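First the structure, in the form of structure tokens, and then the observations on it.
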Amino acid sequence: MLWWPQSWTTWIAIVALAVLLFGAALQVRTGETNAGAVTAGVASFFLSLIAAAITGAVVAWIGSLRALAAVWVAQPGPIVAAMWLIGLSMAIICATPLYTRASFDGLFIGHGFCWVAMSIVLAAILPGGAYLALVPSIAFALCMLLRSTLDLSAAACVMITSIVTAMLWFPITLAFYDLIGRPSLGVIATAVALIATTFTPAVAANSAMRRASVAAMNVTVVVCVGMQLLLPAYNPESPRAIDVEYVDDNGNPVWLVDGVTPQLRAVAHFLLAPRDMFPWAPSRVHAFSAPAPRLPIPAPELSVVSDDRQPHGRHLMLQVRSARGAERISLIFHTPDLLFVRVNGVRLPQQPPKFRSILAAGWHSVSVRGAQQAQVEIMLRRDQPIDAIASDTTFDLPPEAVPIVRARDDSIAVPTGTGDAVIVRRRMRL
């Protein structure tokens, strides 16, 4: 079956490709470039992205050594600036050795082909974001056409393509760290290298400017990383996020925090929480637990209202109730053959095809807020046992938590999200 473009963005990308091919053919005909030079331009494009991604990831890791596992730090300016400089310098460094073989036209056409290919791919998998590559592709195609027909200068070509691309990509790149945090640092370096491919064909030609600019960028990167290592990861205006929870897990009470500091270790013996505390998690949960006193807190009640067992399935009706009037009750259960779940007679909506569960395979979760009891109906394809965990949650802490909370406050940390909580769990096999 022949591939047929369906969206208007794909059609425009194909037109841009045709125009770029026409301009490239004219340049080849006049001897300004050749197929080998264009191939070198393509190689320069991909080498720039790969080098920026690898270098950015390594430098980001070095710059985050003091911040440990912090996703966002209080003052990220130096390390973000380092990522921008790495993207620029890597693109220039990768284009330089290929310039002698490809010259300006080979590099420019090769980079243009890569932008067009990226626009076609984005039009197919991410139509809403295709303009990010489509508009630069159009600029490359028009500049190549004007250069091959009207002898547009190399400086004008890179000015047009770089300005157009920067207007689209700079606002997005500037927001990456605020949106994603530390994982975005390598992405920032790669994105800047991508933008830089619009002007590196001209910069690579000027050896004096190239050497001075690359040397200055590399020295500045080192200075920025040093500054980032000297700056504290948190301050009162940008504190660390740490929630304190009292968790009674089937009669085993612990203090649970999602981050540990020297102040917290001084008041309790916090260690990485055992894996079986979160059997529903797809990967190891990096929370820390310490022994806690046993408090007279009523446990949630899980009772079987009805249990219809048949060879072709199992129909189970459960009643979950909070004996202490908690604000939230939950039921987490494991079964690989679930047909559907109803809560208080309402069937939960079917998840869309692209939905990705945050639970491990076979685990399911039901949570009810604002009610102290709920009826959960579970229908299975086969008659098989169910591992269930009933829990209830209140969003406060007992007086015994005062030393833990004080140590958290002294750590320049605050609760986030739902905040501190008391959680009582009971595990059952049904």
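All of the numbers you see were taken from the coordinates with simple rules; none came from a lab. Only a predicted model underlies this, so the values are computations on that prediction, with no experimental measurement involved. Heads up, the Cβs are rebuilt from the backbone with ideal geometry, glycines too, and the neighbour counts pull from every protein chain shown.
Summary of computed values
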{"item": "Full-extension gain in nm, Phe22 to Asn235, via 0.36 nm per residue minus C-alpha separation", "result": "70.9 nm"}
{"item": "Residues of the range 97-120 with amide N under 19 Å of a point placed 7 Å along Cα→Cβ from Met159", "result": "104-105, 108"}
{"item": "Value of relative contact order over the chain, rounded to a whole percent, pairs C-alpha under 8 Å and six or more apart", "result": "17"}
{"item": "Ascending count of other beta-carbon atoms within 10 Å, so fewest first, for Ser303, Ser411, Ser89, Ser184", "result": "Ser303, Ser411, Ser184, Ser89"}
{"item": "Spin-label pair Ala35/Asn250, simplified geometry with 7 Å Cα→Cβ offset, distance in nm", "result": "6.7"}
{"item": "Linear extension gain, Val304 paired with Val121, 0.36 nm per residue minus alpha-carbon span", "result": "60.6 nm"}
{"item": "Under 5 Å, built H, 5+ apart or other chain: amide partners of Ala323", "result": "Glu301"}
{"item": "Extension gain (nm, one decimal) between Leu338 and Leu150, 0.36 nm per residue minus Cα-Cα", "result": "60.9 nm"}
{"item": "Estimated inter-spin distance, Thr100 and Asp410, nm [label 7 Å along Cα→Cβ]", "result": "6.4"}
{"item": "Loop sites in the range 305-336: trypsin sites (Lys or Arg not before Pro), DSSP, at most 15 other Cβ within 10 Å", "result": "Arg324"}
{"item": "Estimated dipole of the range 8-230 in Debye, rounded to 20 [Cβ of Lys and Arg +1, of Asp and Glu -1, Cα centre]", "result": "280"}
{"item": "Residues Ile180, Ile386, Ile195, sorted so that the one with the fewest Cβ neighbours within 10 Å comes first", "result": "Ile180, Ile386, Ile195"}
{"item": "Cβ charges +1 (Lys, Arg) and -1 (Asp, Glu), total dipole of the chain, debye", "result": "560"}
{"item": "GNM top mover of Asp392, Asp308, Asp420 - the chain, alpha-carbon springs below 10 Å", "result": "Asp308"}
{"item": "Debye, to nearest 20: dipole size of the range 303-430, +1 on Lys, Arg Cβ, -1 on Asp, Glu Cβ", "result": "420"}
{"item": "Bins of 5 Å, starting at 0 and running to the largest distance - Cα pair percent for the range 8-230", "result": "1, 8, 15, 18, 19, 14, 11, 8, 4, 2, 1, 0"}
{"item": "Paired Rg and Dmax values of the chain, which use every Cα atom, in angstrom", "result": "29.4, 89"}
{"item": "Whole-Å distance, taken between Cα centres, linking the range 144-162 and the range 379-419", "result": "62"}
{"item": "For the chain, with +1 on Lys and Arg beta carbons and -1 on Asp and Glu, the positive-most of Ala374, Ala202, Ala37 along the dipole", "result": "Ala37"}
{"item": "P(r) histogram, all alpha-carbon pairs of the range 297-430 included - 10 Å bins from 0, percent", "result": "11, 36, 30, 15, 7, 1"}
{"item": "For the chain, Cys with no neighbouring Cys Cβ under 4.7 Å", "result": "Cys94, Cys114, Cys224"}
{"item": "Relative contact order (percent, whole number), the range 318-369, Cα cutoff 8 Å, 6+ residue spacing", "result": "52"}
{"item": "Most fluctuating residue given options Pro171, Pro296, Pro279, as computed from a GNM of the chain linking Cα atoms under 10 Å", "result": "Pro296"}
{"item": "Helix-only mean residue ellipticity at 222 nm for the chain, each DSSP H run of n ≥ 4 adding -39500 (n - 2.57), per residue, nearest 500", "result": "-16000 deg cm²/dmol"}
{"item": "Antiparallel DSSP beta bridges within the chain, as percent of all bridges there, nearest 5", "result": "90"}
{"item": "Inter-site label distance for Ala215 and Ile62 at 7 Å from Cα along Cβ, in nm", "result": "1.9"}
